[in-house]
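> Handing you this structure, nothing more for now.
The values are calculated or read from the model by the stated rules, or taken from the named source; none is laboratory data. Because the structure is predicted, anything quoted here is derived from the model rather than measured. Positions of Cβ are generated from backbone atoms using ideal geometry, with glycine treated the same way; all protein chains shown enter the neighbour counts.
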């Protein structure tokens, strides 16, 4: 790499910008050794030696503080731990601010929504028993249940890449939900049921599409989507929110699969949503039936061979519960 | 090449044209499909919240069936490949857990040793058939057809489980599209979620997602979209009229399953690929490639 073009999204409403635009900056090996530099090194070099009007956040340079999250070629990363050499494509690296949050200037976004959502899940321990004299001790095996979520550095990468937040800002989002899981699975907390009740509402655990964007973009080991699935598991286990569409979806999905080995995706929505919904959605089903794509039940029901083995596995696991 | 074939629920349910077109092109690309008729649903990420061990046990059974045949396990669904690989990783890396799951399989006469590998038709086309060979098989090059790939989440992410393509900038579908003589269209939404999983839970969000991606593909001049995932297909095609309402624009975008696009280029008559079964008519695509 002798030179790299850094295509940086600029936006300064104070200077009258109405829309963000791109500006190219060229760095060569004479500026800094590109093969050994991070994207943050490059941004700093641009700001310090080429254009001091460029705004970006940074602090620790060690992937601990979580300040320097931004989109590199479309996906969100901590630029302090992203090597230029790993992201350069045809001589260009495209840098944009995080998505799903309003831009203040250039690469700096307003993270208010991130903190509001975090606050909404009450991210602190709320024990219900009286304070002990010395300390609350915890079995290491229990800590293991939430150790990954406890490593969150609140950088916002997952929130920026979340596909649901892109279309629905009421969703609590991956970071806040992963934090909520950390407390639901902490046996020192006394508000597990209340938390799960709240999390089962609109914008909560059942609104995640499980797209894995957050798992992919998390720079530590949180795996927010896996945490959301664990929250769903906890809610179902505790019998909380059983009348929500999400819980009914899981219930009838399971019912279909353990009986036949196959999900009948025609009958599932009818059962989960009720006949009123089914009638209202005839407009979707009818053309598909007429084109021979979908068979109206009970036609077209099928099962795997030896479905009794699928039923047996389910029964054995249920008995162990 | 012979593969253990896992079609998944949707290809035998709401998207019969996917099952049909896969079976139709298989012999043409030298692929022998040994369908695993006892293999249950992968859980699709839903069963996993009921009981993760149940999903892993079902997937272990499928993996064991492929292992017994000594064949690579091929899916035709992004969700299926993702769930099967996720279970497989857990079962391969954690021997104690595998033993627990095997205890559940044993009465059914199966045991999984951790040897199976899970792939998808898309990667079979690239790695086993080979793009040069595929190019040579093309009888009706799809010249001039602008195709917007739509991957489906699990076939790409997370990379530590999938690792078959770059999750941020995948090229597999684009390379297949090119090999068939068509032109791939690039757009932001191609690696995002179609919205299908929350169609019941949060209808506006689910269909805005689909509508947004289809709209972007349209703005970039795509004649059609192609997807390796039947769940995506349901949200993009079956639900396109609804998606269109939620984004308040006319979309009218044909969406093809991957083997349908391959089949067209290999000269298979459209009817035999189930192209008449789509909600959004595929006539404009056929007209464009002169059929």
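> Just checking, which of A:224, A:219, A:269, A:296 is outside the structural domain of residue A:158 (by TED's automatic domain parsing) and closer than 30 Å to residue A:199 by Cα?
Exactly one of A:224, A:219, A:269, A:296 is outside the structural domain of residue A:158 (by TED's automatic domain parsing) and closer than 30 Å to residue A:199 by Cα, namely A:269.
> Filter the range A:218-245 down to the residues that are touching a residue at least 24 places away in the same chain (Cβ under 8 Å) and assigned to a loop (DSSP other than H, G, I, E, B) and list them by number.
Once the filter is applied, which keeps residues that are touching a residue at least 24 places away in the same chain (Cβ under 8 Å) and assigned to a loop (DSSP other than H, G, I, E, B), the range A:218-245 yields A:218, A:219, A:220, A:221, A:222, A:223, A:238, A:240, A:241, A:244.
> As an exercise: evaluate residue A:15 against (1) modelled with pLDDT under 95; (2) under 32 Å from the mean Cα position of the chain (by Cα) and give the number of the one condition it does not meet.
In the conditions (1) modelled with pLDDT under 95; (2) under 32 Å from the mean Cα position of the chain (by Cα), residue A:15 misses (2) alone.
> Okay, next question. I'm trying to understand the selection: among the residues of the range A:259-286, which are within 7 Å of chain B (Cβ to nearest Cβ) and under 18 Å from residue A:242 (Cα atoms)?
A:269, A:272, A:273, listed by residue number.
> A follow-up question, please. Within the range B:146-157, which residues are more than 13 Å from residue B:78 (Cβ to Cβ) and either out of contact with any helix residue (DSSP H, G or I) (no Cβ under 7 Å at 6 or more places or on another chain) or within 11 Å of another protein chain (Cβ to nearest Cβ) (or both)?
B:146 - this is the single residue of the range B:146-157 that is more than 13 Å from residue B:78 (Cβ to Cβ) and either out of contact with any helix residue (DSSP H, G or I) (no Cβ under 7 Å at 6 or more places or on another chain) or within 11 Å of another protein chain (Cβ to nearest Cβ) (or both).
> Can you tell me which residue is surrounded by the most Cβ atoms within 10 Å (Cβ to Cβ) among those in the range B:234-255 that are outside any helix (DSSP H, G or I) and touching a helix residue (DSSP H, G or I) at 6+ places or on another chain (Cβ under 7 Å)?
B:255
> Can you find even one residue in the range B:133-141 that is without any contact (Cβ under 8 Å) to a residue 24 or more places away in the chain and within 14 Å of chain A (Cβ to nearest Cβ)?
no
> How many residues, within the range A:287-302, are under 22 Å from residue B:47 (Cβ atoms) and either at the interface with chain B (Cβ under 9 Å from one of its Cβ atoms) or surrounded by 12 or more Cβ atoms within 10 Å (Cβ to Cβ) (or both)?
Number of matching residues: 3.
> Anything in the range B:212-230 that is in a helix (DSSP H, G or I) and more than 9 Å from every other protein chain (Cβ to nearest Cβ)? List them, or say none. Explain how you work it out, then say what you get.
From the range B:212-230, those in a helix (DSSP H, G or I) are B:212-219, B:230; that's our starting set.
Selection gives B:213, B:214, B:215, B:216, B:217, B:218, B:219, B:230.
Residue-wise test of (1) in contact with a helix residue (DSSP H, G or I) (Cβ under 9 Å, 6 or more places away or on another chain); (2) at pLDDT 95 or above.
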{"site": "A:269", "(1), (2)": "yes, no"}
{"site": "A:276", "(1), (2)": "no, no"}
{"site": "A:279", "(1), (2)": "no, no"}
{"site": "A:282", "(1), (2)": "no, no"}
{"site": "A:285", "(1), (2)": "yes, no"}
{"site": "A:297", "(1), (2)": "yes, no"}
{"site": "A:306", "(1), (2)": "yes, yes"}
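> Now a separate question. Do we find that residue A:301 is more than 34 Å from the chain's Cα centre (by Cα), over 30 Å from residue B:245 (Cβ atoms) and not in a helix (DSSP H, G or I) in this structure?
Judged against the criteria, residue A:301 is a match.
> Does residue A:229 satisfy the criteria of being more than 10 Å from chain B (Cβ to nearest Cβ), under 33 Å from the mean Cα position of the chain (by Cα) and modelled with pLDDT of 90 or more?
Values: more than 10 Å from chain B (Cβ to nearest Cβ): no; under 33 Å from the mean Cα position of the chain (by Cα): yes; modelled with pLDDT of 90 or more: yes.
So residue A:229 fails the test.
> Does the range B:40-61 include one or more residues that are more than 12 Å from chain A (Cβ to nearest Cβ), in contact (Cβ under 8 Å) with a residue 40 or more places away in the chain and more than 18 Å from residue A:316 (Cβ to Cβ)?
Residues of the range B:40-61 more than 12 Å from chain A (Cβ to nearest Cβ): none.
Looking for residues that are more than 12 Å from chain A (Cβ to nearest Cβ), in contact (Cβ under 8 Å) with a residue 40 or more places away in the chain and more than 18 Å from residue A:316 (Cβ to Cβ), one finds none in the range B:40-61, hence no.
> Can you name the residue in the range A:232-258 that is within 7 Å of chain B (Cβ to nearest Cβ) and farther than 30 Å from residue A:306 by Cβ and is also farthest from the chain's Cα centre (by Cα) among such residues?
The first filter runs over the range A:232-258 and keeps only residues within 7 Å of chain B (Cβ to nearest Cβ), leaving A:232-233, A:236, A:245-246, A:249-250, A:253-254, A:257.
Right, trim to farther than 30 Å from residue A:306 by Cβ and you get A:245-246.
Numbers: A:245: 20, A:246: 17 Å.
Among them, the one singled out is A:245.
> Filter the range A:71-97 down to the residues that are buried (at least 23 other Cβ atoms within 10 Å of the Cβ), under 30 Å from residue A:150 (Cβ atoms) and more than 14 Å from every other protein chain (Cβ to nearest Cβ) and list them by number.
Scanning the range A:71-97 gives A:78, A:79, A:80, A:97.
> Also, I was wondering about something else. Please work out if residue A:306 is under 21 Å from residue B:80 (Cα atoms), more than 30 Å from the chain's Cα centre (by Cα), within 8 Å of chain B (Cβ to nearest Cβ) and surrounded by fewer than 20 Cβ atoms within 10 Å (Cβ to Cβ).
yes
> Let me ask something additional. For the range A:170-191, does any single residue satisfy the condition of being under 22 Å from residue B:200 (Cα atoms) and either without any contact (Cβ under 8 Å) to a residue 40 or more places away in the chain or touching a strand residue (DSSP E or B) at 6+ places or on another chain (Cβ under 8 Å) (or both)?
Yes, some residue in the range A:170-191 is under 22 Å from residue B:200 (Cα atoms) and either without any contact (Cβ under 8 Å) to a residue 40 or more places away in the chain or touching a strand residue (DSSP E or B) at 6+ places or on another chain (Cβ under 8 Å) (or both).
> Within the set of pairs 6 or more residues apart or between chains, which connect a residue that is at positive phi and within 11 Å of another protein chain (Cβ to nearest Cβ) inside the range B:162-189 to a residue that is outside any helix (DSSP H, G or I) and at pLDDT 95 or above with Cβ atoms less than 8 Å apart?
Nothing qualifies.
> Another question, if that's okay. If you check residue B:25 against the conditions, is it within 25 Å of residue B:194 (Cβ to Cβ), surrounded by 19 or more Cβ atoms within 10 Å (Cβ to Cβ) and within 20 Å of the chain's Cα centre (by Cα)?
Against the criterion (within 25 Å of residue B:194 (Cβ to Cβ), surrounded by 19 or more Cβ atoms within 10 Å (Cβ to Cβ) and within 20 Å of the chain's Cα centre (by Cα)), residue B:25 qualifies.
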